[in-house]
Amino acid sequence: RLTARALLARGLPAHRIQVSLERNMRCGTGHCGHCQLGPLLLCRDGPVVGYHRTRSLLAVREL
C-alpha cells in the first residue's frame, strides 16, 4: 500500500502499478469465499492485481 502510494506520488499511473495480495485460501477455486477481499476472490482473480482495482480496498487500514 505504501509503496503504491509512493509510486503514485512520483507520477506513475495507477493502472501501471501491480500489488500482490495475500489471503488464506481453502478451496482454491472461488467456491468457499475464504479468500474474498471486497469484490475480488484472490484465488480466482489472482493474488497479483492492478492497483487501480484495489485502491479503495487498500484505503481501509485493517485490510
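Spin-label model, Met25/Arg44: points 7 Å from Cα along the beta carbon direction are separated by 1.3 nm.
Among 46-57, 27-38, what's the highest-first ranking by average C-beta atoms within 10 angstrom per residue? Each step should come with its number before you reach the end.
Numbers: 46-57: 15.2, 27-38: 13.6.
Most protected by this proxy first, the peptides run 46-57, 27-38.
How much accessible area per residue does the chain have, counting only protein heavy atoms and a probe of 1.4 Å, in square angstrom? Provide the component values of the computation, followed by the final result.
Numbers: 4550 Å² over 63 residues.
Result: 72 Å² per residue.
Give the relative contact order (percent, whole number) for the chain; include only Cα pairs under 8 Å separated by 6+ residues. In percent, rounded to a whole number, it is 34.
The helix-only estimate of mean residue ellipticity at 222 nm for the chain, built from DSSP H runs of length n ≥ 4 each weighted as -39500 (n - 2.57), is -7500 deg cm²/dmol after division by the residue total.
The magnitude of the dipole of the chain, with charges of +1 and -1 set on the Cβ of Lys/Arg and Asp/Glu and taken from the Cα centre, is near 180 debye.
May I ask which residue of Val48, Pro13, Gly38 lies farthest towards the positive end of the charge dipole of the chain, with charges of +1 (Lys, Arg) and -1 (Asp, Glu) on Cβ and the Cα centre as origin? Going by the Cα projections, it comes out as Pro13.
At an R0 of 25 angstrom, the distance between the Cβ atoms of Arg10 and His52 translates into a FRET efficiency of 0.95.
The values are calculated or read from the model by the stated rules, or taken from the named source; none is laboratory data. Keep in mind that what you see is a predicted model, and the values were worked out from it rather than measured. FYI the Cβ positions are ideal-geometry reconstructions off the backbone, even for glycines, and counts take in every protein chain you see. The accessibility values were calculated without ligands, DNA or RNA, using every heavy atom of the protein model including side chains. Shrake-Rupley method; radii C 1.70, N 1.55, O 1.52, S 1.80 Å.
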